[in-house]
Amino acid sequence: MIFYSMFYKTAKLLIIFITLLFSQTNWTKYANNPVMVKTNFLTEFYAIGQPTVIMENDTFKMWYCAAGIDHRGRILYAYSVDGINWTKYQSGAIVLNIGSAGEWDSKWLDTPEIVRTPTDYKLYYYGDVVDTFPPHSAAIGLATSANGINWTKHPNNPIFTKGESLSWEGHWIESPAVLYDEGIYKMWYTGVPYDWRIRIGYATSPDGVVWTKYPNNPVLDVGAPGSWDDMWVAVPAVIKRNNRFEMWYSALSEADIATGRYDTIRIGFATSYDGVNWTKYPEPVLTTLTPPHNPAVDSNGPWAPDVVFDGTNYRMWYETAAGFCYATAPLSVMESALQTVLSTVKISPNPFRNLTVINCAGRFRFKIYDVSGRLLRTLTGQDRIVWDGKNEHRQKLQSGIYFGVLQSRGYKQTYKLVIY
């Protein structure tokens with residue numbers, strides 16, 4: 001569409017500005033990592049991995065995979081008030097178990113992803129009928145819970161399966177990252193083809209059960225030959241902040257794999273305004289060498305990050321051979337100022353028929369564009385602007401989608417507006 005060729009030029013410039021300046025790329029590891037290690041002989045004997053975390057009120061809640069003494073992967077739960085000191089539910093008790101003999105997930109559960117909706121918790125997870133590698137039968141299932149501990153698996157599991165055998169996801173799929181955004185469930189997931197160049201795809205769902213894959217998958221590809229992420233781009237963690245999607249992902253290069261250096265795993269960062277068109281930050285944002293560096297702790301990591309933004313800090317938990325490690329990225333002074341400005345923005349009603357009110361602390365400008373990127377009207381005001389849904393010639397605009405670019409104190413932010 002013409003919209004993508006024109007409007008995204010502006011959006012990409014904004015993305016580059018933010019990613020170069022702000023904190024999503026500047027991480028510091030916790031000095032006393034790891035923050036969680038194996039403690040339960042029965043449920044965690046072989047390994048723990050793949051943390052997924054949400055923040056509710058003043059508590060961080062984590063679900064993670066653990067491989068027990070019987071070499072079966074299952075889902076466990078822990079909680080923390082500071083993100084560092086964790087209490088495991090019943091000292092490492094299972095909260096989501098493998099299926100019965102003959103069921104699709106009877107041997108292994110892994111890569112959990114938690115979603116909190118207004119009515120329940122949803123847990124998306126990888127399951128398989130074998131415990132061998134590679135996992136040819138892997139698929140993604142869904143379980144729901146009222147409290148995050150007692151789970152009911154969906155009767156139509158698996159609810160998400162791999163593509164045809166020669167496709168980019170024909171070997172297996174795993175590691176869903178799911179957001180409930182604007183009334184739609186959005187999933188980014190890892191697809192593994194037979195050439196092992198692992199990429200990230202995208203799908204949407206109206207109910208979190210029935211999914212439609214994006215027809216032009218994958219949406220995040222491996223890097224150019226010889227780059228640090230030219231072989232694996234996998235295990236996404238996605239949040240949405242200030243109307244922008246932010247993704248952290250695990251990456252390996254072909255050179256790493258050729259020499260067997262799996263301890264050189266890196267975390268990359270990318271941004272998008274629509275969840276489909278992504279711009280990568282040019283360098284890894286977390287590696288084994290990120291300070292403070294501890295070879296005994298950092299080996300086989302960082303891998304499988306999950307990120308929470310608490311309003312002031314980005315917090316990341318990730319997997320290493322030693323257990324789960326922790327890193328933080330506080331907002332910079334300039335981004336804190338931006339956060340203060342954007343926290344005052346409110347557009348209501350939206351959708352609207354005759355008029356909408358744009359609120360933003362201080363003096364600001366609001367430019368309105370159609371979907372082709374054509375400027376329709378420029379409004380300025382102090383604290384509050386009323387838009388009557390008309391263009392600069394005072395002609396009423398037709399029903400449809402429009403975009404407003406808010407400018408205040410040197411910052412820009414894009415918002416979607418709907419006239420009905």
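We did not get these values from a lab; they are worked out from the coordinates using the rules stated. Remember, predicted model here, so these are calculated numbers, not experimental data. For neighbour counting, all protein chains shown are included, and Cβ atoms are generated from backbone atoms with ideal geometry for every residue, glycine included.
Key figures for this structure:
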{"item": "Rounded tilt (10° steps) of 333-343 against the dominant C-alpha axis of the chain", "result": "70"}
{"item": "Under 5 Å, built H, 5+ apart or other chain: amide partners of residue 199", "result": "191, 233"}
{"item": "Difference of contour (0.36 nm per residue) and Cα-Cα distance, residue 194 to residue 41", "result": "51.6 nm"}
{"item": "Cα pair distances exceeding 22 angstrom across segment 94-230, given as percent", "result": "38"}
{"item": "Karplus 3J(HN,Hα) series, Hz, for segment 211-226 with 6.51 cos²θ - 1.76 cosθ + 1.60 (x for Gly, Pro)", "result": "10, 10, 6, 4, x, 9, 4, x, 9, 10, 9, 5, x, 5, x, x"}
{"item": "For segment 339-419, the spread of Cα positions along each principal axis, largest first, Å", "result": "33, 22, 19"}
{"item": "Directionally averaged projected area (convex hull, Cα atoms, the chain), nm²", "result": "20.9"}
{"item": "Loop-located trypsin sites (Lys or Arg not before Pro) in segment 358-398 whose Cβ has at most 13 other Cβ within 10 Å (DSSP)", "result": "374, 394"}
{"item": "Percent RCO, i.e. relative contact order, over the chain, from Cα pairs under 8 Å lying at least 6 residues apart", "result": "12"}
